Amino acid sequence: MNVPGRFAKIVGRENCISDPAELRVYECDGLTGTRVRPALVVLPASTAEVSRCVKLAQELAMPIVPRGSGTGLSGGSLPIEGALVIGMSRMRKILNVDLENRRMRLQPGVINLDVSKHLEPAGYYYAPDPSSQSVCSIGGNVAENSGGAHCLKYGFTVNHVVALTMVLAGGEIVEIGSAAPDATGYDLTSAVVGSEGLLGIVTEVVVRFLRKPQSTRTVFATFPSTDEAGEAVSRIIAAGIVPAAIEMMDRLAIEAIVAATGVDWPLDAGAALLMDVDGISAEVEHCARAAIAILRECGAIEIRDPRNESERLLMWKGRKGAFAAMGRISPNYYVQDGVIPRSDIAAVLREIAELSRSSGFRIANVFHAGDGNLHPLVLYDEHVAGESERAEHVATEILRICMRHGGSITGEHGVGADKAAYMGELFADDDLETMNFVRCAFDPSRTFNPTKVFPTPRLCGDRPGAYVPHATESAGAVGRG
Ligand SMILES: Cc1cc2nc3c(=O)[nH]c(=O)nc-3n(C[C@H](O)[C@H](O)[C@H](O)COP(=O)(O)OP(=O)(O)OC[C@H]3O[C@@H](n4cnc5c(N)ncnc54)[C@H](O)[C@@H]3O)c2cc1C
């Protein structure tokens, strides 16, 4: 039997994709500039089917790329030459909801927003809310440790996942963590969350969820420039106020959002902040008043409360649709994702503006300001010869600015294929080696996403540079990789 036939026996013929035209659907993720056609795509329906597919791929020496909804922005689910893509889109069941203990067990293909929709009638919600939440999957969120506007107060995905079921490289099915609080032993759940699909395939996730806040107050404020807006963010948080969300948009981002969504935000503002304060009503009023006073002291031009719930939702739709809105002002854009200390926001944005002037590329900024998690969008036109490469180079320079300010090369979109080359600029060889040992404890054969995250590894524990046999190789435990 041929290779597709053998996988079709496991998942069913209609869930095994080998037609070259159909495979093109899977040739990239949200990092659309890079494309590779996989050898085969399978869409299993259960943990047992995932396990059998992994075993067969191992037998056939096929690398495996796990895939959720393919919205990742760092090439995490970008296929690898000859790879088997295991897609989670059929594993979309909510398996169990325990309201008393606020735990939910679900399959990884469940869409993020559907979790809160499911909980809404009972008065609960799931806090991590990436702007892509209407399409991205919980499995992808786990792999990327995804954040979102409301992660400032409530924490990232890692703070909301308590247990996992996972298929390892040999097809073994393992349970990690516990639905009960304080699982004993090493916190392996946190090692898996954010591991970008390198350790195994997550096939079930247990998340904790929260009661919906009694009250939420949204405030929109405009400023002459990002300097004053950045100062306001730092001072609000330094004053001990933790807004549920505090997001910043610069002039170019406002222009795109207004064009795409019809919000009536002023086009002459240099920057805007969109803030949610939530909690019990008395606390919300107190914190919102204190935050508004700081916005004024920092030079806010205009401060608005949405007139009603639909205007509030429209404001958030504007913010969450900001990346897509760039299509109104540019044929293409490259989304960068870096982190800086919150207190450096104004200085870093000035350096990015200078880079924009010197490179000639327009750069829009829309980001999770409270977390210091920048998303500069480098606007370009792929039809102009060489522009894609130059835009990417500008985006890399932005990462270097972040690193110079004591920040990092990714806040929430991951390293994936896109940023593996820069890991060596952020981490020393020893750091990378330690991370590689953790990876090899789960997947010694580097079956899952083998070319991602680490800069060109050859063997677990390998160092970049001249070839030196690894201790395990010298001891005859493994062959040269
Ligand atoms: C418009 C837009 C806005 C975005 N906004 C945000 C944001 O606010 N915050 C944020 O954090 N991200 C954001 N993202 C990025 C992206 O949506 C997230 O990284 C998301 O978690 C990816 O989920 P996915 O299901 O699309 O995963 P994919 O893109 O399919 O995969 C992402 C990674 O997870 C791995 N993976 C997927 N499923 C599994 C599994 N079951 N087991 C093991 N590994 C798996 C893949 O191999 C890959 O490495 C945005 C993206 C877009 C396009």
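The values are calculated or read from the model by the stated rules, or taken from the named source; none is laboratory data. Source: prediction; values computed, not measured. Cβ: placed from backbone, ideal geometry, glycine included. Neighbour counts: every protein chain shown. All accessible areas refer to the heavy atoms of the entire protein, side chains included, with ligands and DNA or RNA removed. Shrake-Rupley method; radii C 1.70, N 1.55, O 1.52, S 1.80 Å.
Some notes on this structure:
- Applying a DSSP loop filter and a limit of 11 other Cβ atoms within 10 Å to the GluC sites (Glu not before Pro) in the stretch 33-112 leaves E81, E100.
- Charge dipole of the chain about the Cα centre (unit charges at C-beta), most positive-ward option of Y26, A441, V366: Y26
- In a simple Cβ point-charge model (Lys, Arg +1; Asp, Glu -1; nothing else charged), the chain has a dipole of about 1020 debye relative to its Cα centre.
- Farthest toward the positive end of the dipole of the chain, out of Q133, A260, G414, is the Cα of Q133, where the dipole comes from beta carbon charges about the Cα centre.
- Taking every alpha-carbon pair in the stretch 197-270 and binning the separations at 5 Å intervals from zero gives 3, 11, 16, 15, 13, 11, 11, 11, 7, 2 percent.
- Surrounding net charge for G75, when Lys and Arg each add one and Asp and Glu each subtract one, Cβ distance under 13 Å: -3
- In whole angstrom, the stretch 333-435 maps to an equivalent ellipsoid with semi-axes of 22, 18, 11, each derived as √(5λ) from the alpha carbon gyration tensor and ordered largest first.
- Here the stretch 283-354 is described by how far its Cα atoms reach on the three principal axes: 41, 32, 22 Å, from widest to narrowest.
- The value of relative contact order for the stretch 287-397, using C-alpha pairs under 8 Å at least six residues apart, is 25 percent.
- Across the chain, the mean sequence separation of Cα contacts (distance under 8 Å, 6 or more residues apart), normalised by length, yields a relative contact order of 14 percent.
- For the chain, the spread of Cα positions along each principal axis, largest first, Å: 68, 55, 44
- Residues in the stretch 55-82 reached by a label modelled at K9 [backbone nitrogen below 14 Å; 7 Å Cα→Cβ]: 55-57, 59-60
- Listed cross-link partners K317/K419; K117/K317; K9/K419 are compared with a 25 Å cut-off, the Cα-Cα value being larger for K317/K419; K9/K419.
- For the stretch 153-214, chymotrypsin sites (Phe, Trp or Tyr not before Pro) are listed when DSSP marks them as loop and at most 16 other Cβ atoms sit within 10 Å of their Cβ; the list is Y186.
- Where the alpha-carbon atoms of the stretch 2-82 are placed on the principal axes, they occupy 34, 24, 23 Å, in descending order.
- DSSP loop trypsin sites (Lys or Arg not before Pro) with at most 10 other Cβ within 10 Å: longest gap in the chain: 1-306
- Amide N of the stretch 183-217 lying under 16 Å from the label point, which is placed 7 angstrom from the Cα of K93 along Cα→Cβ: 203-206
- Estimated FRET transfer efficiency (L314, D187; beta-carbon r; R0 35 Å; 0.05): 0.30
- Probe 1.4 Å, protein heavy atoms only - accessible area per residue of the stretch 319-437 in square angstrom: 40 Å²
- Legend: calculated FRET efficiency, D430 to E297, from the Cβ-Cβ distance at R0 = 35 Å, rounded to 0.05, equals 0.15.
- 3J(HN,Hα) from dihedral phi, the stretch 426-440, Karplus parametrisation 6.51/-1.76/1.60, rounded to Hz, x for glycine, proline: 9, 10, 6, 3, 5, 4, 5, 5, 5, 4, 5, 5, 4, 4, 6
- Between 0 and 90°, nearest 10: helix 47-59 axis offset from the chain longest Cα axis: 60 degrees
- For the stretch 181-192, 3J(HN,Hα) computed residue by residue from phi via the Karplus equation (6.51, -1.76, 1.60; θ = phi - 60°) reads x, 6, 4, 6, x, 4, 7, 6, 4, 5, 6, 7 Hz, glycine and proline entered as x.
- Cα point-scatterer Debye curve for the stretch 1-152, base-10 log of I(q)/I(0) at q = 0.21 Å⁻¹: -1.28
- Beta-bridge orientation, the chain: approximately 90 percent antiparallel, per DSSP, counting only bridges with both partners inside.
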